[in-house]
1. Residues that are of a type in the set (D, E), at least 3 per element: which helices (runs of 4 or more DSSP H) completely within segment 258-330 meet that?
2. Could you check segment 201-253 and list, in sequence order, the residues that are among the acidic types (D, E) and without any contact (Cβ under 8 Å) to a residue 40 or more places away in the chain?
3. Residues of segment 287-299 being under 25 Å from A348 (Cα atoms) and either touching a residue at least 24 places away in the same chain (Cβ under 8 Å) or within 42 Å of the chain's Cα centre (by Cα) (or both), which ones?
4. Given the condition in contact with a Cys (Cβ under 7 Å, 6 or more places away or on another chain) and either within 17 Å of V219 (Cβ to Cβ) or buried (at least 18 other Cβ atoms within 10 Å of the Cβ) (or both), answer yes or no: does some residue in segment 345-356 qualify?
5. For P214, which of the numbered conditions (1) part of a loop (DSSP other than H, G, I, E, B); (2) surrounded by 17 or more Cβ atoms within 10 Å (Cβ to Cβ); (3) modelled with pLDDT of 90 or more; (4) over 15 Å from the mean Cα position of the chain (by Cα) fails to hold?
6. Criterion first (buried (at least 16 other Cβ atoms within 10 Å of the Cβ), of a type in the set (V, I, T) and without any contact (Cβ under 8 Å) to a residue 24 or more places away in the chain) does T259 satisfy it?
7. Which is in the same structural domain as L154 (by TED's automatic domain parsing), touching a residue at least 24 places away in the same chain (Cβ under 8 Å), loosely packed, with under 13 Cβ neighbours inside 10 Å and assigned to a helix (DSSP H, G or I), of R118, R112?
8. Would you call R325 surrounded by 14 or more Cβ atoms within 10 Å (Cβ to Cβ), within 25 Å of P221 (Cβ to Cβ) and of a type in the set (K, R)?
Amino acid sequence: MFKKLPGDEAQHLVSTTPDTAVVFSPAVVRTPAIVTIVIFTWRLLAGVLRLLWRHPIASAVALTPGVLTYFCGWRWGLGFVVLVPLGLTAWCLLARPSFLRLVGWRLLAWWRLVWVYRRHWQPVMIISGLGRHLRGRDYLPRIVRVTCTSWADLVTVRMLTGQSVKDWADRTDHLAHGFGAQSCRVSIARSGRLLLVFPRRDPLATPLAAVPVPAEVSVGPVEVGMCEDGKPWLLKVHGTHVLVAGATGAGKGSVIWSTIRGLLPATRAGLAQVWALDPKRMELSYGRDLFGDRYAASPADCADLLESAVQIMQERADRYAGLQRSHTPTLDDPFVLVVVDEVAFLTAYQSDKGLKLRISAA
């Protein structure tokens, strides 16, 4: 048996067996102060090194004045503070693309990381449900990297163990409003990591001018516009099928005409043909002279034109069988692009059952 002895110090357990009387004292382990200092210093250095590695330019701009002042005197530090901004401003004015590529976007990424994302990360994660507060401790996804482009912030995030992409996709509104963006898009960067895209502006808010007619004879991919990142929007039409869907006024016609416009050099060279089906008579009728006898508007003419295209397809399949799988446009076998505006008028809204069956089969 054991019994406790009263006292102000740590309580002791005393053996009460007849033969022996042994006192057991609990061990109190105290971490030496030097160990605490070493751990704190190591974590501080690791954080500084991580910051220098991820944001070298921003870190250099922030640290260099202090280093020059300490080693070379205040005049060198003041000269750096005054001259470097002037030099960067001149660089930005004279060669803006190279400045933004090498310095500008990196500085902006560092500022957005510190002032926007790290500053609001914990409350946004907890309130949106992407983080957890358990037993007085916050378990949060970690920001891996922030990259800025001309139109958006790209934030790479490491998810918590057990989270899925759907957990984040269901909370895009929380993320957008939490970080002051109009929207948020979620995609997979790699296993366990997500890429969050926060647009800062809409580069496509202003309608673009028509894409110039290309000088090169080609059947694609055809440039039909511009993407959000400023790169050309290339649409593949040769060897595939394309469905353009959108509300009234969304710009479906611009995709059609940009495609036809991009194929004009190949059409002139005889390597491409555009067959137009225009049951609405509202869009493709402007190009009747361009399409010639390959333009159809009435349901019967559309059915005939579609069946003619199927006949050409089957003839080519017979000739290519066992020889080749992909089509190479030639003067004898040009690329035939069948454009329909719009499909529902030939299928869902077609009242003649016989024509509807012919069109659906073709």
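The values are calculated or read from the model by the stated rules, or taken from the named source; none is laboratory data. All of these numbers come straight from a predicted model, not from anything done at the bench. No Cβ is skipped: glycine too gets one built from the backbone with ideal geometry, and neighbour counts run over all protein chains shown.
1. Working: elements: 264-268, 288-291, 299-320.
Correct list: 299-320.
2. E223
3. R294, Y295, A296, A297, P299
4. We begin by selecting, within segment 345-356, every residue in contact with a Cys (Cβ under 7 Å, 6 or more places away or on another chain); these are 346.
With the extra rule that they be either within 17 Å of V219 (Cβ to Cβ) or buried (at least 18 other Cβ atoms within 10 Å of the Cβ) (or both), the set shrinks to 346.
Looking for residues that are in contact with a Cys (Cβ under 7 Å, 6 or more places away or on another chain) and either within 17 Å of V219 (Cβ to Cβ) or buried (at least 18 other Cβ atoms within 10 Å of the Cβ) (or both), one finds at least one in segment 345-356, hence yes.
5. (2)
6. no
7. Checking each option against the conditions leaves just R118.
8. Numbers: surrounded by 14 or more Cβ atoms within 10 Å (Cβ to Cβ): no; within 25 Å of P221 (Cβ to Cβ): yes; of a type in the set (K, R): yes.
When the stated conditions are applied, R325 does not pass them.
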